[in-house]
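Worksheet for the structure shown next.
The values are calculated or read from the model by the stated rules, or taken from the named source; none is laboratory data. Given the structure is predicted, the values throughout are model-derived calculations rather than measurements. In this analysis, Cβ positions are derived from the backbone assuming ideal geometry, glycine residues included, and neighbour counts consider all displayed protein chains.
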Amino acid sequence: MLHQWHGTIDLIRRALAEDEAAADATSGLLPAGMRGTAIMLAKQNGVIAGVEVGLAVFREVDLDVAWFASLDDGTRVEAGQHIVTIKGRLASILRAERTALNFVQRMSGIATATRAYVDEIAGTNAALIDTRKTLPGLRLLDKYSVRMGGGRNHRMSLADGVLIKDNHIAAAATIRETIADLVARARATAPHTVRIEVECDTLEQVRQSVEADADIVMLDNMSIEIMREAVSMCAGRVLTEASGGVTLAAVRTIAETGVDFVSAGAITHSVQALDISLDVTPDGAGA
């Protein structure tokens, strides 16, 4: 999996350097050859993500560490359930422990939050998608975690699609350009594989975007009643995305308007890490 993520190993190395794992003033007190077993344990229910990232952290510290996964990414986990077992030199395990847990806990927290939203809109036409509201440097991991929770990814970067937002529209208006002008120029210059989306605050903007042949209309912070009307205007012509103020409590009602996508920034920008611990036992303990 890590081969898909450009820069992930560098990210892991920076995280270990930040923690000064190689200069751990405490784990160095243990005999160099002391070995043991560690169990990564879920302390609450959720969805697991980041197993291979955690493994990469331990292996970056010590290639001799062995790792046995009980659960794959995307799997639901219950409190008390084992996620992985790690075997190796205890000093190495302890040096890598916090960095590995930081990654797995955050990624599992995103997957867990995403699954809650996905479950809430089950049976509707809508798919849950993420946003670019990710932690700087962790976007690929954050968005991978969304997929493990059953969600889908919006743009990975600004280069992945044309999204004409309110600030673009306002800036263009100062030179007397309209939504239709912006869409036409995007259509003429963007690769044919790139979709064109327009953020709309009003039904008039929706009408203009549909007539301009945009691919997707973002219905931004609209009331449920206005959103239903906008969906009706777009039906069969333009895909629709609901955005803004999407909470777990509101997402079902939003999805039931008939939108194609619901984007939720909260699943990445306000994630609560899944509570996971690492319990270590030296070899021969209790024998």
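Observations on the model:
- Within segment 59-98, the residues that satisfy the criterion of being in contact (Cβ under 8 Å) with a residue 40 or more places away in the chain and surrounded by fewer than 21 Cβ atoms within 10 Å (Cβ to Cβ) are GLU60, GLY74, GLN81, HIS82, THR85, LYS87, ARG89, LEU94, ARG98.
- Scope segment 150-165; condition surrounded by 19 or more Cβ atoms within 10 Å (Cβ to Cβ) and more than 14 Å from SER263 (Cβ to Cβ); matching residues: VAL162, ILE164
- Each residue in segment 243-287 was checked for being among the aliphatic types (A, V, I, L, M), within 22 Å of ALA230 (Cβ to Cβ) and part of a loop (DSSP other than H, G, I, E, B), and 5 of them qualify.
- If you go through segment 246-285 and pick out every residue that is over 17 Å from the mean Cα position of the chain (by Cα), buried (at least 20 other Cβ atoms within 10 Å of the Cβ) and at pLDDT below 95, you end up with 0.
- Filter result for VAL198 (closer than 22 Å to SER157 by Cα, among the aliphatic types (A, V, I, L, M) and surrounded by 14 or more Cβ atoms within 10 Å (Cβ to Cβ)): yes
- Residues in segment 124-163 that are without any contact (Cβ under 8 Å) to a residue 12 or more places away in the chain and either in contact with a helix residue (DSSP H, G or I) (Cβ under 6 Å, 6 or more places away or on another chain) or not assigned by TED's automatic domain parsing to the domain that holds THR257 (or both): 0 in all.
- Test: residue in segment 174-185 that is buried (at least 16 other Cβ atoms within 10 Å of the Cβ) and within 26 Å of the chain's Cα centre (by Cα): no
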